[in-house]
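Report on one structure; see the data block that follows.
Bear in mind that the values in this text are calculations on the coordinates, not laboratory data. Just so we're clear, the structure is a prediction, and the values are computed from it rather than from any experiment. In this analysis, Cβ positions are derived from the backbone assuming ideal geometry, glycine residues included, and neighbour counts consider all displayed protein chains.
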Amino acid sequence: MGRKQRGYSLMELMIVLAATAMLSMGGMRGWQKWQQRQRLEQSARSLLVWLQQQRDEANAFNRERVLVVIRNGELWCLSAEAAAASVCHAPSRRIWMPPWPGVTLAEFTPGLTFFGLRNTAWNGHITLENEAGRRRAVISTWGRIRLCRAGEAGCR
């Protein structure tokens, strides 16, 4: 009587495991890039919302909101407090910190200010970056705030 072979040989199993490992590494790399893009986008949108809040509060209370960068080694934050703190503490109405580590401040126009009078602002930009690229928040003289990718034609 013939014996039927059941199961897989060691060679077949090793080939399948090697193929699975190679596909997993490629997928992991793609997932990490996607994650970095999402973190940069979330940080930029969070910054946009915070800037809009500062603009709206300046308009509502007819007060200036001067934006200042505070750096503590690797940590950094933006402050709109009248007496800017020297240390970044927990995010609040007047303090913005990037929600993800690895998102850094690439460019900041010094003296960015929102004025209560006529809802205007000192024009400039704030650029965030990480491994996935750069996103820029552009503030116009009329108080308009928009996001764009740094390097695009209309992103100045």
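Points worth noting:
- Per-residue [θ]222 nm for the chain (sum of -39500 (n - 2.57) over DSSP H runs n ≥ 4, rounded to 500): -12500 deg cm²/dmol
- Full-stretch length increase - SER24, TYR8 - with 0.36 nm per residue and alpha-carbon distance subtracted: 3.6 nm
- Taking a point 7 Å out from the Cα of GLN32 in the direction of its Cβ, none of the residues of the range 48-76 has a backbone N less than 14 Å from it.
- Once both labels are positioned 7 Å from their Cα atoms along Cα-to-Cβ, the gap between ARG45 and ASN123 label points is 2.8 nm.
- Sorted by Cβ neighbour density within 10 Å, fewest at the top, the residues VAL103, VAL138: VAL138, VAL103
- Relative contact order (%) - criterion: Cα under 8 Å, at least six apart; region: the range 9-156: 22
- FRET efficiency for the pair HIS89 and VAL69, taken as 1/(1 + (r/R0)^6) with r the Cβ-Cβ distance and R0 = 22 Å, rounds to 0.90.
- Largest-first principal axis extents of the Cα set of the chain (Å): 97, 36, 25
- Farthest positive-ward along the chain dipole, Cα basis, beta-carbon charges - from GLN32, ILE139, ALA150: GLN32
- Ranked list, fewest to most other Cβ atoms within 10 Å of each Cβ, for GLU131, GLU12: GLU12, GLU131
- Gaussian network model of the chain, springs between alpha carbon atoms under 10 Å - residue of ILE139, ILE15, ILE70 with greatest fluctuation: ILE15
- Residues of the range 27-44 with amide N under 19 Å of the 7 Å Cα→Cβ point at LEU105: 40-44
- Counting beta carbons within 10 Å around each of GLU129, GLU107 and listing the fewest first gives the order GLU107, GLU129.
- Between ASN119, ASN72, ASN59, the GNM of the chain built on Cα springs shorter than 10 angstrom shows ASN72 fluctuating the most.
- Exposed chymotrypsin sites (Phe, Trp or Tyr not before Pro) absent: longest stretch of the chain, with sites in DSSP loops and at most 15 other Cβ within 10 Å deemed exposed: 9-141
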